[in-house]
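Below is one structure, written out as structure tokens, with a few remarks after it.
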Amino acid sequence: GKFQGGQKIDGLLIAEPVPHLMVPRPGNTGNEAAFSRYLLSGTGKTAPKAAVLDHLGKWVKLSGIVVSRNQLSVIAAQSAEPIEQPPNMTPKAGSSLGEYSLRGEILDSKCYPGVMKPGQSKTHRACAIRCISGGVPAVFRVENGRKDVMYFLLTDEQGKAVNDKILDSVADPLEITGEVVQYDDMFVLKAKLDSYKRI
């Protein structure tokens with residue numbers, strides 16, 4: 001993981017399925033995603049504070065610390081200041097990619113990108129549970145046979161966060177079956193809780 005330090009980033013604060021920041025990508029993106037999606041946490045093992053969440057649904061200048069690892073980026077949000085909406089910047093609905101059975105591990109999206117080491121597996125289980133129970137988004141890390149890694153934000157079948165419902169599955173090898181929905185560069189795995197199987 002890599003700390004990218006304190007930054008101020010303009011974007012749209014979105015509430016569902018978890019609070020995150022939708023940031024326009026510069027220039028002509030062509031067939032690529034027009035926006036980057038950054039998951040949000042608080043400055044501790046928590047969700048962002050109310051002073052940030054009060055601006056959900058608005059364009060803001062968000063101040064926070066950005067941490068990234070591979071395609072997973074999180075902003076430890078410190079403050080948000082409303083700004084004018086840029087022209088032609090309307091978010092698109094998610095696109096369903098179909099149903100998949102995926103194997104991987106549930107992680108918290110704050111420590112794993114680089115706030116703590118190693119940030120995964122049994123050695124990090126207790127810390128990950130504290131983060132996820134505090135409101136840090138839960139993600140599912142999946143690695144294929146070619147060692148390609150992807151991250152999926154976990155929700156229930158209605159698209160609601162599952163943090164408090166999956167704590168006993170954190171850091172265990174799992175197979176989860178559900179619908180994958182793509183929002184720009186963010187992938188969401190919508191699954192019934194009874195589809196979580198230890199392997």
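A crude spin-label estimate for the pair Ile9 and Gln85, with each label 7 Å from Cα along the Cβ direction, gives 2.1 nm. Taking Lys and Arg as +1 and Asp and Glu as -1, the other residues whose beta-carbon sits under 14 Å from that of Ala191 total 0.
One quarter of the surface of the convex hull around the alpha-carbon atoms of segment 1-103 equals 8.0 nm², the direction-averaged projected area. Placing +1 on the Cβ of every Lys and Arg and -1 on the Cβ of every Asp and Glu, with no other charges, gives the chain a dipole of roughly 640 debye about its Cα centre.
For segment 121-199, the relative contact order is 29 percent, taking Cα pairs closer than 8 Å that sit 6 or more residues apart in sequence and dividing their mean separation by the residue count. Annotation: Phe140 carries an accessible surface of approximately 0 Å², with a 1.4 Å probe and no ligand, DNA or RNA atoms counted.
Calculate the spin-label point distance for Arg130 paired with Glu143, positioning each point 7 Å from the Cα along the beta-carbon direction, and give it in nanometres. If labels sit at Glu143 and Arg130, their model points lie 2.5 nm apart.
Pick the calculated log10 I(q)/I(0) by the Debye sum over Cα atoms at q = 0.13, 0.18, 0.19 Å⁻¹ for this structure from [x] -0.70, -1.16, -1.24; [y] -0.66, -1.30, -1.43; [z] -0.93, -1.45, -1.49? Checking each listed value against the structure points to [y]. When only Cα pairs below 8 angstrom with a gap of at least 6 residues are kept, the chain shows a relative contact order of 22 percent. Helical runs assigned H by DSSP (4 residues or longer) give the chain a calculated mean residue ellipticity at 222 nm of -2000 deg cm²/dmol, each run adding -39500 (n - 2.57) before division by the residue total.
Among the listed pairs Lys8/Lys190; Lys49/Lys190; Lys8/Lys110; Lys45/Lys190; Lys45/Lys160; Lys61/Lys165, those whose Cα-Cα separation exceeds 22 Å are Lys8/Lys190; Lys49/Lys190; Lys45/Lys190; Lys61/Lys165.
The values are calculated or read from the model by the stated rules, or taken from the named source; none is laboratory data. Remember, it's a predicted structure, so these values are computed and weren't measured experimentally. Cβ atoms come from the backbone with ideal geometry, glycine included; neighbour counts cover every protein chain shown. The accessibility values were calculated without ligands, DNA or RNA, using every heavy atom of the protein model including side chains. Shrake-Rupley method; radii C 1.70, N 1.55, O 1.52, S 1.80 Å.
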